[in-house]
1. For segment 165-195, enumerate the residues that are surrounded by 17 or more Cβ atoms within 10 Å (Cβ to Cβ) and within 22 Å of Thr227 (Cα to Cα).
2. Would you mind finding the one in Tyr205, Tyr161 that is of a type in the set (Ser, Thr, Tyr), closer than 21 Å to Arg104 by Cβ and outside the structural domain of Lys76 (by TED's automatic domain parsing)?
3. If you check Leu122 against the conditions, is it surrounded by fewer than 17 Cβ atoms within 10 Å (Cβ to Cβ), outside any loop (DSSP other than H, G, I, E, B), at pLDDT 90 or above and of a type in the set (A, V, I, L, M, F, W, C)?
4. Might you check whether a residue that is assigned to a strand (DSSP E or B) and of a type in the set (Ser, Thr, Tyr) occurs anywhere in segment 166-187?
5. Are any residues in segment 1-49 part of a helix (DSSP H, G or I), small (Gly, Ala, Ser) and free of Cβ contacts under 8 Å to residues at least 60 places away in the same chain, and if so, which ones?
6. If you go through segment 42-68, how many residues are within 21 Å of the chain's Cα centre (by Cα) and either within 14 Å of Val90 (Cα to Cα) or not polar (S, T, N, Q) (or both)?
Amino acid sequence: MILKIAVCDDNDKDIEIINRELLLLEEKAREKGCTYQIQAFKSGNDILKSFALVQDMHILFLDIDMPGIDGMEIAKRLEQTERRVKVIFVTNHADMVFTAIHYRPFRFIRKERLHIELEEALLCAIEEIREESLYGEIFIEKDEAEIRISDITYLESQRHYVIVHFRRKDDQVIRAKISDFSERLERYGFVRTHVGYIVNIRDIYSINTKRVLLDDRTPIPVSRKYTEHVREMHAKYVRRMYHAIS
C-alpha cells in the first residue's frame, strides 16, 4: 500500500527534519506493508491551493503556529469536509493541545521530541489506515448506500430502531438493537454512555456525571453505570493523541 503523506510547516528546517525522520522509518513502514510518498507545503495558503488533494491524502503533519492561515484554521476547514486525511499536529506549544483536540486530530507531537513521538504517531496511523482499508470503514449497507463509521457522531436507540447521527449528513434509521453495535464499534473509538446511546469519543467536548456534551454542544445522557468507563476511555483517547506530553 502506498501512503500519501503531506508535511506543512513554514520553517524549511523543520520540513527537512520531518522528512528525514520519515525516511528513517521507511523500513518499519515496509514491515507493515506500506511505502509512502511525501509532499511538502510551506504555508496554510499552499495547503488551501491544493485543498482537494490534501484532504484525500492519508496523513498530514501540520504545524500549528504559522503566519497567516495557521494549522488550527486548516484543521478546522478539513473538519468541515468529508476528509480522509489523518491530521498530526506538530508544534512547540504543548499547551495548545486542549484547543487542538476539538479539531479531532489523530495525534499531537512536539518538535523538541519529534524523533521520539513521530515514530509512534506514524506507525499507529499506518495500523489504523490498513485496518480501515481492510474493513472499508463500512458500518452497514442500507438502500445501497454506505454508512461509514468515521462519519458517525452517535447512535440513539428508539424502541426497535437505531438512529444513526452524523456530522454533516441527515440521520438514518435502522431497524436493529443498539446492543448489536456496542462491541463492534468500541474498536473504532466509540463508547456506550447509556443503555440507549453510543458515542464517538472523538466528538466529546466535555463530560460530567449526568451527560456528555459533544463538540456541536449536543447533550447525551450518561448513566451512573457507564460514567467511569466513559471518563477512562476519553482520557485514554486524549493521552494517545498527544503521546507522552506531560
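1. If the condition is that a residue be surrounded by 17 or more Cβ atoms within 10 Å (Cβ to Cβ) and within 22 Å of Thr227 (Cα to Cα), then His165, Ile178, Phe181, Leu185, Tyr188, Gly189, Phe190, Val191, Arg192, Thr193, His194 are the ones that fit.
2. Of Tyr205, Tyr161, the one residue that is of a type in the set (Ser, Thr, Tyr), closer than 21 Å to Arg104 by Cβ and outside the structural domain of Lys76 (by TED's automatic domain parsing) is Tyr205.
3. Values: surrounded by fewer than 17 Cβ atoms within 10 Å (Cβ to Cβ): no; outside any loop (DSSP other than H, G, I, E, B): yes; at pLDDT 90 or above: yes; of a type in the set (A, V, I, L, M, F, W, C): yes.
It is false that Leu122 is surrounded by fewer than 17 Cβ atoms within 10 Å (Cβ to Cβ), outside any loop (DSSP other than H, G, I, E, B), at pLDDT 90 or above and of a type in the set (A, V, I, L, M, F, W, C).
4. Taking segment 166-187 first, the residues assigned to a strand (DSSP E or B) are 166, 172-175.
Next, only the ones that are of a type in the set (Ser, Thr, Tyr) stay: none.
Within segment 166-187 (the criterion being assigned to a strand (DSSP E or B) and of a type in the set (Ser, Thr, Tyr)), the answer is no, since none of the residues qualifies.
5. The first filter runs over segment 1-49 and keeps only residues part of a helix (DSSP H, G or I), leaving 12-24, 26-31, 44-49.
Now restrict to residues that are small (Gly, Ala, Ser): 29, 44.
Residue satisfying the conditions is Gly44 alone.
6. 17
The values are calculated or read from the model by the stated rules, or taken from the named source; none is laboratory data. Please read all numbers here as calculations on a predicted model, not as lab measurements. Using ideal geometry, Cβ is built from the backbone for each residue, glycine included, and neighbour counts are taken over all protein chains shown.
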